[in-house]
Amino acid sequence: MSHPTITDRLADPSGARESGRKKIEWARQHMPIMTSIAETFGEERPLEGQTVAMAMHVEAKTAVLTEVIAEAGAEVAITGCNPLSTHDDVSAALDAHDAITSYAEREVDDEAYYAAIEATLDHGPTVTVDDGGDLVMAIHDEYPELIDSILGGCEETTTGVHRLRAMDSDGELRYPMFAVNDTPMKRLFDNVHGTGEASLSNVAMTTNLSFAGKTVVVAGYGYCGKGVAKKAKGQNAHVIVTEVEPRRALEAHMEGYEVCPMAEAAEKGDVFVTTTGNRDVIVGEHFERMADGVVLANAGHFNVEIDLDSLDDLAVARREVRDGVEEFEMEDGRRINVLAEGRLVNLASPVAMGHPVEVMDQSFGVQAVCVREMVENADSYDAGVHEVPDELDREVAEIKLDAEGIGIDALSDEQSAYMNSWQHGT
Ligand code: NAI
């Protein structure tokens, strides 16, 4: 039986479509890179005849990417990459597009989530676009017969790239994938500024509490952690960083943050944000040390950073105290509040809208040119993880500078020769 699309599942699809369309148009208005790429793609139709399967956070900015891929000539099938990050209205608006089928639906159970991934793959993709790697994993585990007709794919996030590199080093990755996450235009903006701003604003909106005067514990001082720490400091919080990597811990120390193990930070923090991409970062021994009323949120890709099973074991009661906030009551009366079920807070809390539009314009600009590259130059890429060619990343940066009206200098011939020479000295 064919899997129902979002339109089949909604009580009022036309109302949803209208609301989703407004969100998409607002985002598109503020995405000059995607607008410029859409113009070129619309004229040149570089994806004509391709079928693109996508598993992404289905909200307004992703919808713009999806439509631009369709405007480039592709047929697109899309589903979510997290059961709580889909906006059903946006999904419905996408499904109304002639060349797009959307299976993404919010708050589905695991079975429906994976059935939607299968339905997306039933379209027979020639290109895959993932955020977290679920499509690639499903194809390799369950549908290896699709691999021969897949030209390649793109991966959006750090955790997905980690999974792909692990597969690649085991010799298990059977088609080429671009590590879109690792480009400067994505990682230095999306992970740092996007995650920093969007995670904190969602914690604030979900709790209606301030950061000023509070102690914010940031677990992990990678790209995302740097952003969260910087923006929390900017809102007058005292910031503590926890790390396992000595150089990143030192970097945090030199930036003026307190650095200590989680066991110590647990006693001091008011708000905790995990950004490690790792599991079991906040566990039983930490919950036991926390003060009454702490707020815990995760900004890493999977909901494994806060050990909710052990929190549940320690709790004598749990209840929803606000939309998106669950309170776990400890035996001694302390209350520990968990946001968005420990899923990535900037996308999965009830008020979440994901990263700011401008940031996603950059990330998705890189995605769009990478999909084009995978189609146009498929023969240049073997199975495995590939860095995005630097000229593609620069192309997106140049479009953005142009849109912002920002001019930069160019190297003179003499400067280029000097920079490329080893024969100069005093
Ligand atoms: P990264 O690799 O730059 O940073 C992760 C840091 O966590 C590293 O410095 C690592 O040493 C540290 N770490 C690992 N285990 C730890 C532990 N047990 N305790 C303390 N620190 C630990 O990765 P990046 O780019 O910052 O991404 C982090 C996560 O955020 C990934 O899951 C990624 O997919 C996700 N992500 C989420 C976004 C969002 O919208 N919320 C946007 C972009 C990425």
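Things to note:
- Percentage relative contact order, the chain, counting C-alpha pairs under 8 Å, at least six apart: 16 percent
- Spin-label proximity, Arg174 to region 342-382 - amide N less than 18 Å from point 7 Å beyond Cα toward beta carbon: 382
- Within region 193-348, percent of DSSP bridges classed antiparallel, to nearest 5: 35 percent
- Most mobile of Thr206, Thr158, Thr40 in a GNM of the chain (Cα contacts under 10 Å): Thr40
- Phi to ³J(HN,Hα) by Karplus 6.51 cos²θ - 1.76 cosθ + 1.60 over region 364-369, Hz, x for Gly, Pro: 7, x, 5, 4, 4, 6
- Qualifying chymotrypsin sites (Phe, Trp or Tyr not before Pro) for region 326-426 [loop in DSSP, other Cβ within 10 Å: at most 13]: Trp422
- Cα radius of gyration and Dmax for region 193-348 (Å): 14.0, 41
- FRET efficiency, 1/(1 + (r/R0)^6) with R0 22 Å, evaluated for Asp109 and Ser2 via beta carbons: 0.70
- Each Cα pair under 8 Å and six or more residues apart adds its separation to the average, and for region 193-348 the resulting relative contact order is 22 percent.
- Within the listed set Leu296, Leu347, Leu250, the residue fluctuating most in the Gaussian network model of the chain (springs between alpha-carbon atoms under 10 angstrom) is Leu250.
- By accessible area, using a 1.4 Å probe on protein heavy atoms only, the chain has 46% of its surface on carbon and sulfur.
- Karplus-derived 3J(HN,Hα), 6.51/-1.76/1.60, for each residue of region 85-91, Hz, glycine and proline x: 9, 6, 9, 4, 5, 5, 4
- Per residue, the accessible area of the chain comes to 44 Å² when a 1.4 Å probe rolls over the protein heavy atoms.
- Among Ala96, Ala403, Ala74, residue whose mean-square fluctuation peaks in a GNM of the chain (springs only between Cα atoms under 10 Å): Ala403
- Cut-off under 5 Å, modelled amide H: who pairs with Gly153 long-range: Thr128, Met177, Phe178
- Take the Cα of Trp26, step 7 Å toward its Cβ, do the same at Glu404, and the gap between the two points is 2.3 nm.
- Whole-number D in µm² s⁻¹ for the chain, Kirkwood Cα-pair radius fed into Stokes-Einstein, 10 °C, 1.306 mPa s: 71 µm²/s
- Shape category assigned to region 81-200 from the gyration tensor of Cα positions, a/c cut at 1.5: oblate
- Ser2 accessible area, assembled protein chains, probe 1.4 Å, Å²: 100 Å²
- FRET efficiency for the Glu39 to Trp422 pair, using the beta carbon distance and R₀ = 51 Å, is estimated at 0.75.
- Neighbour count of at most 12 Cβ within 10 Å plus DSSP loop: longest GluC sites (Glu not before Pro)-free window in the chain: 173-330
- Both numbers refer to the Cα atoms of region 126-170; Rg and Dmax are 10.0, 27 Å.
- Note on the chain: antiparallel DSSP beta bridges, both residues inside, total approximately 20 percent of the bridges counted.
The values are calculated or read from the model by the stated rules, or taken from the named source; none is laboratory data. From a predicted model like this one, the values you see are computed outputs, not experimental measurements. Here the Cβ is made from the backbone with ideal geometry for all residues, glycine too, and neighbour counts use every protein chain on show. Keep in mind that these areas ignore ligands, DNA and RNA; they rest on the heavy atoms of the full protein, side chains included. Shrake-Rupley method; radii C 1.70, N 1.55, O 1.52, S 1.80 Å.
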